[in-house]
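Here the structure is laid out as structure tokens; the discussion comes afterwards.
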Amino acid sequence: MELRVLRYFLAVAREENITKAAAMLHLTQPTLSRQMMQLEEELGVRLFHRSRYHIVLTDEGMLLRRRAQELVDLADKTAREFAAHETELMGEIAIGAGETRSMTFLSQAIRSFRARWPRVTFRIFSANADDVKERLDMGLLDMGLLAEPVDVGKYAFCRLGEKDRWGVLVRADSPLAELEAAGPQDLEHIPLMFSSRESVQRELANWFGDRWERLQVAATYNLILNAANMVRWGVGAALGFDLNLAFDGLRFLPLSPAMETGTVLVWKKDQALTPAVEAFHRHIKNAC
């Protein structure tokens, strides 16, 4: 498979129409159709369900869309790295980060680094630790800011000093909002939302003890903004970190007994680094 053809495929998948995709790519419709048929023949699968006016990806097409996007992103990242000027530190540093108070440390480190090297830009990918690790292992990210528990055995890492305090986000008109803190007994009969990470759910199971099996699970989530919206509209209460964020109509209650989570900044061991990433690694180690 050629990267050029994968870019064509992604355009077709995005537009859901061969004619529109061909116009965007400055190709003729027959040329693009032929390229897609040749791609299907090369892979030995059907990638599209075709109709007169639009196309829909098959299950195989959905898988290729994900893999093609990863390959194109990696190729683009590599091209940007080699485009850096040899005599001046510049380029892009890609960092994956979960929702944690330790993002303040990372923001301060980026600010002080760019004060010296203003032509270096940062690309931040926000997701939970599992998604960040996946992109880190594929080479799409240079570093990852991960909330524990996480296996750091295959990474070089810097453990950050601040810990995140767990609590529950509830509606201001909920009876729970009148409490100073929430215990397992207070949450047992409340519809709950919490992280989709299995390792985090095991930590929560330990905190809830015997009540874990009796919980009402309304939803799982990976980022707090959408969870807060669901809390506001009565889906349930959301367990997560105290990020010192204000949400209208909501209140954050710490858990009692207290539950805290550490954070690590990780990067792959023994990987070839661009000058910008290598300089930022040194900067981070000094800051840690």
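The values are calculated or read from the model by the stated rules, or taken from the named source; none is laboratory data. Everything numeric in this text was worked out from a predicted model, so none of it was measured. Cβ coordinates were reconstructed from backbone atoms using ideal geometry, including for glycine residues, and neighbour counts include every protein chain displayed. All accessible areas refer to the heavy atoms of the entire protein, side chains included, with ligands and DNA or RNA removed. Shrake-Rupley method; radii C 1.70, N 1.55, O 1.52, S 1.80 Å.
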Kindly check whether there is at least one residue in region 127-135 that is farther than 22 Å from L223 by Cα and either open to solvent by 70 Å² or more (accessible area, probe 1.4 Å) or acidic (D, E) (or both). no
Strands (runs of 3 or more DSSP E) contained in region 161-222 and holding at least 2 residues open to solvent by less than 20 Å² (accessible area, probe 1.4 Å): 164-171, 191-195
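Results for (1) at pLDDT 90 or above; (2) assigned to a helix (DSSP H, G or I); (3) among the acidic types (D, E), shown as yes or no for each residue.
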residue: L6; (1), (2), (3): yes, yes, no
residue: A22; (1), (2), (3): yes, yes, no
residue: Q35; (1), (2), (3): yes, yes, no
residue: Q38; (1), (2), (3): yes, yes, no
residue: L63; (1), (2), (3): yes, yes, no
residue: Q69; (1), (2), (3): yes, yes, no
residue: H85; (1), (2), (3): no, no, no
residue: E92; (1), (2), (3): yes, no, yes
Quickly run through region 108-144 and pick out the residues that are free of Cβ contacts under 8 Å to residues at least 40 places away in the same chain and either in a strand (DSSP E or B) or closer than 24 Å to G167 by Cα (or both). T121, F122, R123, I124, F125, V132
Residue pairs meeting the criteria (Cβ under 8 Å; at least 6 apart or on separate chains; first open to solvent by 90 Å² or more (accessible area, probe 1.4 Å), in region 37-48; second in a loop (DSSP other than H, G, I, E, B)): E42/M1; R46/T58
Of the numbered conditions (1) open to solvent by less than 70 Å² (accessible area, probe 1.4 Å); (2) farther than 30 Å from M138 by Cα, A258 fails exactly one; give the number of that condition. (1)
Is there any pair linking a residue in region 158-174 that is closer than 15 Å to M259 by Cα to one that is open to solvent by less than 80 Å² (accessible area, probe 1.4 Å) and part of a loop (DSSP other than H, G, I, E, B), with Cβ under 6 Å and at least six apart or on different chains, and which? E162/R101; E162/S102; K163/G262; D164/T100; D164/R101; R165/D242; W166/M259; G167/D242
